Amino acid sequence: MADQRIRVLIIDDVPETRENLKKLLMFEHDMEVVGAAATAEEGIRLARDLQPDVVLLDINLPGMSGISAVEQIMEVAPLTQVVMMSVQSDADYLRRAMLAGARDFLAKPFSADELVATVRRVHRTRRPPPVLPPTGPLPGGGRGTQGKVVAVYSPKGGVGTTLIAVNLAVALQKPERRVALIDASLPFGDIGVFLNLQGPRSIADLARLEEIDPEAFTLSLVSHVSGLKVLLAPPRPELAEYVTAEAMKRILNMARTLFDIVVMDTTTQPTDTTLLILDEADQIVLVVTPDVPTIKNARLFFDVITQLNYPPQKTLMILNKMDRRFGITAEMVEQALKHPVGAQIPWDEITVLNSINKGAPLVAQRSKPIVQAILQLAGRVEEALFAPQEVEEARKRSGR
Ligand SMILES: Nc1ncnc2c1ncn2[C@@H]1O[C@H](COP(=O)(O)OP(=O)(O)OP(=O)(O)O)[C@@H](O)[C@H]1O
Ligand SMILES: [Mg+2]
């Protein structure tokens, strides 16, 4: 219905950019460009008169700083969600603009998908303008809640830990929930490949900071079209050395204040950093495959965590690459490891390889049994993390 469309105002001094943005949004049935302005003054006036749902604001406008522009827009149109558009070199500026009330940002050049997803996301998650203390957290984050950490781990390599971490994170992402995915599978993390994402910063940049503030954290993330925010592994393996257990603790502390759920991909190596992640996790998703070497390692893992006094329910054991032809059933694994199997993900080589090679998560292909299994796993993780009432409400909202 026309009156339910997202009303967008564009403020950019470059005529071609304005035209381009208009064209890109024109094809979206749920969006409408209600105005376009070349200067901040004109944009603020239009924002006041039109009260748009979303403003796309170029950070570098002549005559007025992006920060003043955001502040003034928030004043005249307090329910409007401002999305900053900038080139990467504007990072410091952008940070301050976010503090002034901008809700999200798009780094130029951005794709049509990113643009549309960002507009929809800020609109969906709209709320009254944040009243931020001068050094307060970024809008949309820092709600004072303690986000939950989910560590996806396996004591055996190559079993599908990254595949599960990535797809679980995407499945947990919901409009009203902030989910981050952190690639701590060091030094050779490959979430960037799995999700076809690149970014100027990685976990190593954050690890090098003695103190991590919300802005630095947010600016180190890359956005996936699903709404998921991703902290990538370093581009060069030697940079992983910065990610010590202490650094990881600082990163997790900040991640918990900004996100509702933080999913971690981990490495098999029992480094101090990995152990810290397992310690900090509210839930460990233990990935096991139906083969004897992996089951043997899983038994060693259970021995270790028993000594560490982890409660049994902290570990949700799942079986990946399940296939009847392999002759090992969930019941056999349960008996061998004296621990229940929380979910079974089928073997599906073609679907998985296609997804990895394209850099597109599985979750869009809802009819596939492997996707159904991952959604079930997400449900189990939600049940383990949240009170039943919260899970039920989230389910109703997302129509699942
Ligand atoms: N359910 C599945 N069905 C078929 N193939 C799978 C499945 N899960 C994972 N794979 C395959 O297993 C391989 C390893 O997957 P992935 O990289 O996710 O594992 P990993 O445990 O993270 O490995 P590493 O130890 O290298 O980090 C991939 O080639 C992927 O195609
Ligand atoms: Mg991996």
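The values are calculated or read from the model by the stated rules, or taken from the named source; none is laboratory data. Computed from a predicted structure; not experimentally measured. Heads up, the Cβs are rebuilt from the backbone with ideal geometry, glycines too, and the neighbour counts pull from every protein chain shown. Heads up: the accessible areas ignore ligands, DNA and RNA and are worked out on the full protein's heavy atoms, side chains in. Shrake-Rupley method; radii C 1.70, N 1.55, O 1.52, S 1.80 Å.
Screening region 6-27 for residues that are among the aliphatic types (A, V, I, L, M) and within 20 Å of Arg45 (Cβ to Cβ) and picking the one that is most open to solvent (accessible area, probe 1.4 Å) gives Val14.
The residue of region 181-198 that is nearest to ligand 2 (Cβ to nearest atom), among those that are aliphatic (A, V, I, L, M) and open to solvent by less than 20 Å² (accessible area, probe 1.4 Å), is Ile191.
Return yes when Glu71 is among the acidic types (Asp, Glu) and touching a strand residue (DSSP E or B) at 6+ places or on another chain (Cβ under 7 Å) and no when it is not.
Values: among the acidic types (Asp, Glu): yes; touching a strand residue (DSSP E or B) at 6+ places or on another chain (Cβ under 7 Å): no.
Spelling it out, it is not the case that Glu71 is among the acidic types (Asp, Glu) and touching a strand residue (DSSP E or B) at 6+ places or on another chain (Cβ under 7 Å).
Against the list (1) assigned to a loop (DSSP other than H, G, I, E, B); (2) within 24 Å of Ser111 (Cα to Cα); (3) not acidic (Asp, Glu), the condition Pro78 fails is (2).
Only one residue in Arg201, Arg178 is in contact (Cβ under 8 Å) with a residue 60 or more places away in the chain, open to solvent by 30 Å² or more (accessible area, probe 1.4 Å), touching a helix residue (DSSP H, G or I) at 6+ places or on another chain (Cβ under 8 Å) and not assigned by TED's automatic domain parsing to the domain that holds Asp104, so which one is that?
Details: Arg201 fails: in contact (Cβ under 8 Å) with a residue 60 or more places away in the chain.
Sole residue among the options that is in contact (Cβ under 8 Å) with a residue 60 or more places away in the chain, open to solvent by 30 Å² or more (accessible area, probe 1.4 Å), touching a helix residue (DSSP H, G or I) at 6+ places or on another chain (Cβ under 8 Å) and not assigned by TED's automatic domain parsing to the domain that holds Asp104: Arg178.
A Cβ distance below 9 Å, combined with a sequence gap of six or more or placement on separate chains, defines the contacts here; from region 235-258, residues that are more than 20 Å from Thr218 (Cβ to Cβ) reach residues that are aromatic (Phe, Trp, Tyr) in the pairs Pro237/Phe188; Ala240/Phe188. Condition (residue is more than 16 Å from ligand 2 (Cβ to nearest atom) and farther than 30 Å from Leu300 by Cα) applied to region 149-157: is it met by at least one residue? No, region 149-157 has no match at all.
Before we move on, is Ser226 closer than 22 Å to Val193 by Cα, of a type outside the set (Lys, Arg) and crowded, with 22+ Cβ neighbours inside 10 Å?
In short, no.
Of all residues in region 160-169, those satisfying the criterion of being in contact with a strand residue (DSSP E or B) (Cβ under 6 Å, 6 or more places away or on another chain) and near ligand 2 (Cβ under 9 Å from one of its atoms) are Gly160, Thr161, Thr162, Ala165. Looking at region 213-331, the helices (runs of 4 or more DSSP H) lying wholly inside it that each contain 2 or more residues that are over 17 Å from Val149 (Cα atoms) and modelled with pLDDT under 95 sit at 214-219, 292-307.
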